[in-house]
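Worksheet: one structure, shown below.
The values are calculated or read from the model by the stated rules, or taken from the named source; none is laboratory data. Not measured: the values here are computed from a predicted model. With ideal geometry, Cβ positions are generated from the backbone for all residues, glycine too; neighbour counts draw on all protein chains shown. Note: accessible area is taken over every heavy atom of the protein model, side chains too, but ligands, DNA and RNA are not part of it. Shrake-Rupley method; radii C 1.70, N 1.55, O 1.52, S 1.80 Å.
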Amino acid sequence: MSENFLLADRFEAERPGLRAVAYRMLGSLAEAEDAVQDAWLKLSRADVSDVKNLGAWLTTVVGRVSLDMLRSRTSRREDPLPEQDGTVRLPDPVVTAARVDPEQEVLVADSVGIALMIVLEILSPAERLAFVLHDMFDVPFDDIAPVLGRTTVSTRQLASRARRRVQDAAPAADTDLARKRDVVDAFLTASRGGDFEALLAVLAPDVVARSDGGTRVPSILRRGAADVASQAITFARFAADARLVLVNGTPGVVSFAEGRPLSVMSFTIRDGRITGLDILTDPDRLASFGLTA
């Protein structure tokens with residue numbers, strides 16, 4: 001019994017890191033929890049007496065479980081944001097207050113924002129595993145290759161291809177949190193005040209806004225500063241309370257009406273202007289996050 005308790009304690013120490021791996025692989029907080037729980041079940045049934053690095057062993061287990069979950073998604077598309085049919089699907093956001101909760105800090109480490117999570121969705125399951133485990137968690141290719149059933153050389157090439165796709169689709173954004181907070185605050189103030197010109201000043205000319213409403217609220221895709229500014233002013237009228245928060249560790253906004261969360265907004269900011277705005281308005285998913293005004 002004491003050995004089981006010791007194993008459970010060791011697993012709990014690894015849980016935050018394992019959740020981070022699963023979240024980056026799956027883009028879903030609920031599925032990430034399921035993957036971690038599955039890893040615990042596998043650990044409890046395995047003989048790990050010869051395992052020298054339990055954390056590394058568990059990381060590859062969670063990677064394999066997440067890979068299987070990705071492959072089994074019957075509704076998964078190569079492009080999760082298919083503009084041609086008007087649908088938008090965003091990853092789950094990690095929403096925190098002005099300071100990141102210690103239990104969620106590892107989830108948002110290294111500025112893995114919504115924009116990058118969206119790019120990870122366009123990778124194939126194998127590419128995503130190779131990139132996430134190696135580039136984000138420093139797992140050696142020799143350990144990743146058996147999970148994929150590939151050679152080490154082939155796995156290295158897979159990660160390199162994924163890295164190029166990520167770099168092409170997600171150019172470097174501003175990293176100064178204080179500067180980004182000022183930009184988001186200016187956007188929020190202009191939206192509340194219906195100040196169209198102020199919004200144009202803070203939006204990049206080619207800004208893209210995507211809204212994921214789930215199955216009950218229409219998805220919205222807007223392009224260009226004028227269109228996005230008009231939509232922001234319209235939406236602000238319905239939100240009695242909009243607050244600055246951290247979304248995946250970077251400044252964002254949560255809007256409420258009558259105590260209910262209306263949206264979570266994540267911003268991509270380059271050179272002091274908003275180039276991307278990703279908005280989750282799905283009432284079912286918002287309700288599952290436990291957000292309160």
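Here are some notes:
- Those residues of the range 210-229 which are at pLDDT 95 or above and either open to solvent by less than 10 Å² (accessible area, probe 1.4 Å) or under 14 Å from Met265 (Cα atoms) (or both), in sequence order: Val228, Ala229
- Which numbered condition Thr155 fails, given (1) in a helix (DSSP H, G or I); (2) open to solvent by 30 Å² or more (accessible area, probe 1.4 Å); (3) among the hydroxyl-bearing types (Ser, Thr, Tyr): (2)
- Number of the exception - Leu200 against (1) within 22 Å of Thr234 (Cα to Cα); (2) open to solvent by 90 Å² or more (accessible area, probe 1.4 Å); (3) over 22 Å from the mean Cα position of the chain (by Cα): (2)
- Scan of the range 41-59 for residues that are among the β-branched types (Val, Ile, Thr) and either within 11 Å of Phe11 (Cα to Cα) or within 31 Å of the chain's Cα centre (by Cα) (or both), ordered by number: Thr59
- Scanning the range 138-152 for residues that are loosely packed, with under 15 Cβ neighbours inside 10 Å and out of contact with any Asp or Glu (no Cβ under 9 Å at 6 or more places or on another chain) yields Asp138, Pro140, Asp142, Pro146, Gly149, Thr151.
- Residue match in the range 174-184 (condition: closer than 23 Å to Phe238 by Cα, open to solvent by less than 60 Å² (accessible area, probe 1.4 Å) and in a helix (DSSP H, G or I)): yes
- Pairing residues of the range 35-58 that are within 18 Å of Pro146 (Cβ to Cβ) with residues that are of a type in the set (Val, Ile, Thr) and outside any helix (DSSP H, G or I), at Cβ distances under 8 Å and at least 6 apart in sequence or on separate chains, gives Leu54/Val48; Ala56/Val139; Trp57/Val48; Trp57/Val51.
- Any hit, the range 267-283, residues being part of a helix (DSSP H, G or I), farther than 29 Å from Ser28 by Cβ, open to solvent by less than 50 Å² (accessible area, probe 1.4 Å) and not polar (S, T, N, Q): no
- Looking at the range 56-135, the helices (runs of 4 or more DSSP H) lying wholly inside it that each contain 2 or more residues that are at pLDDT below 90 and farther than 16 Å from Ala30 by Cα sit at 102-105, 114-121.
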